[in-house]
1. Divide by every residue of the chain the summed helix terms, -39500 (n - 2.57) for each DSSP H run of at least 4, and state the resulting mean residue ellipticity at 222 nm, rounded to the nearest 500 deg cm²/dmol.
2. What order do you get for 129, 155 when you list them from fewest to most C-beta neighbours inside 10 Å?
3. Please work out how much length the chain gains when fully extended from residue 365 to residue 33, using 0.36 nm per residue of separation minus the C-alpha to C-alpha distance, in nm with one decimal.
4. Averaged across orientations, what area in nm² does the convex hull of the alpha carbons in region 156-293 project?
5. Going by average Cβ neighbours within 10 Å, how do the peptides 131-138, 236-243, 28-35, 281-288 rank, with the highest at the top?
6. If the limit is 18 Å between Cα atoms, which of 140/327; 127/327; 227/279; 48/97; 26/59 go over it?
7. With +1 on the Cβ of every Lys and Arg and -1 on the Cβ of every Asp and Glu, and nothing else charged, how large is the dipole of region 132-174 about its Cα centre, in debye rounded to the nearest 20?
8. Multiply the residue separation of residue 349 and residue 267 by 0.36 nm, subtract the distance between their alpha-carbon atoms, and state the gained length in nm to one decimal.
Amino acid sequence: MKKKVLILTGGGDCPGLNAVIRAIVKFFNKEKEWQVLGSIEAFNGILKDPQEIIKLTNKNTAGIHVKGGTILRTTNKGNPFNYPTRNVDGSWSEVDKSDDLIERLSEMGIEAVINIGGEGSQAISQKLFEKGLNIIGVPKTIDNDLSSTDFTFGFRTAVQIATDSFDKLVTTAESHDRTMIMEVMGRDAGWIAVHTALAGGAEVCLIPEIPYDIHKVVARINKRYHKGRGFVNIVLAEGAKPIGGNVVVQAGGEVGYEKQRLGGVAYRLSYELKQAGCKADIRETVLGHTQRGGTPIAFDRVLATLFGIKAGELVMRREYGQMVATKNNDITSVPILEAITDYNYVKTDSFLIEAARRMGISFGD
């Protein structure tokens, strides 16, 4: 009887997810005693009745590495430790179904689980590992906010998409003598914003790690205008905030959705600039989910493939409780606990920030 390894993709979608799935399938295809399965919508596929589990083969994963999204689909509303469950009266409550999950996996004969996900997903991986589940983590997030790995796949594609958009905004800003604000994703980390600002040549970059002084931002904008003519392009991370202020959070209300929904800070910044006396003609662009969709660039396809092969090796060696990582251009692994202990913020004293300042980029401080 063949051993079974189960793949699932949780959290937000990300360019490169399909490349990981394909690599794992190809790896185990060489190991004749193994069978690869996939759970639809992360842990939901296991906990649903009937279950939604599919066989993954070379045939149904052929060519998927060039596609965005995930063929297994994904969700950020299926935490087995706080699983949304409808009550008899129609209301919802959160129930710990982790024991039920592990029991079901045992009944299915699952030898190991490979959980492809970001910070929240890997925190779930660690808790399940502590309960005895054989699990391997693969880091996935466009935000690049998982520590213990130099990069996560999907990040570079998100930066490329943001940079392409920024380049287009530069031309319209120059044509109309406008100040353009472009809001990018990243949650509590400014990685996408800083890399996009450097790649695109932004005048201002506002990130969560460096609270901004609105008057200093206005002063930087004014320096670019002479007799009413000039233009400014600002890259703004969705988690950016003014000194003493808070992040902009959208109303949620979705059952099972645990994280705050960020977004809309571009409009607040525009309002703040006008209130502070900025005379420039201002326009706002919120890129939103365009950054996490579409075809992954070559770098992310390669990194995702290497991560998939490494995950297969860890399963074969029974090195569970590990997360795949890239360190100094090498593919390695670290304990999942280590990876989720510290959030991967942009270090304000890093060479990345120093280089941006040298290029004349203002962080509003």
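Values quoted throughout were computed directly from the atomic coordinates according to the rules given, and no laboratory measurement underlies them. Source: prediction; values computed, not measured. When we count neighbours, we look across all protein chains shown, and the Cβ atoms used for this are built from the backbone with ideal geometry, even at glycine.
1. Computed mean residue ellipticity for the chain: -10500 deg cm²/dmol.
2. Ranking 129, 155 by Cβ neighbours within 10 Å, fewest first, gives 129, 155.
3. 113.6 nm
4. 8.4 nm²
5. Highest-to-lowest ranking by the protection proxy: 236-243, 131-138, 281-288, 28-35.
6. Flagged as over cut-off: 127/327.
7. 180 debye
8. 26.6 nm
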